[in-house]
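Note sheet for the following structure.
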Amino acid sequence: MRSLFVVLTAVAVIALAFWAYRENYETQAAQSEAQGIQNDIAGARQRLRVLNAEWAYLNRPQRLRDLADLNFEKLGLLPLRPEQFGKIDQVTFPPVELNGHLPITNPVDVSNMEQQP
């Protein structure tokens, strides 16, 4: 009986050692994968910083103004003027029964244009 207990204990110790060995290598593999992902994230953040810098460089107001001047004939771009904006009461909304919203009774003025009668 005692020898059976010793054999079972030895088998259990060997099984636990094998399990610990496997877990150790799985843990190392997971840590290596996580480190690779962290490196990928760092690279993506660096690329994002470069792209943001390029975007800021390409969207400089003076550069855009020069491009608009160069391509005026083709694009016809003009600066925005306050008269180009409308008022909220000029927008045609669907009837109340179609969308279930309350009617606009007191519109908000969103431009600096004078209200026309």
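The numbers here are math on the coordinates, done by the rules we state, and not lab data. Because the structure is predicted, anything quoted here is derived from the model rather than measured. Counting neighbours? That spans all protein chains shown, and the Cβs are built from the backbone with ideal geometry, glycine included.
Only residues that are part of a helix (DSSP H, G or I), more than 20 Å from the chain's Cα centre (by Cα) and of a type in the set (A, V, I, L, M): list them for the range 30-83, please.
Hits for the range 30-83 are A30, A34, L58, L64, L67, A68, L70, L75.
No other residue among L4, L16 is in a helix (DSSP H, G or I) and surrounded by 10 or more Cβ atoms within 10 Å (Cβ to Cβ) apart from L16.
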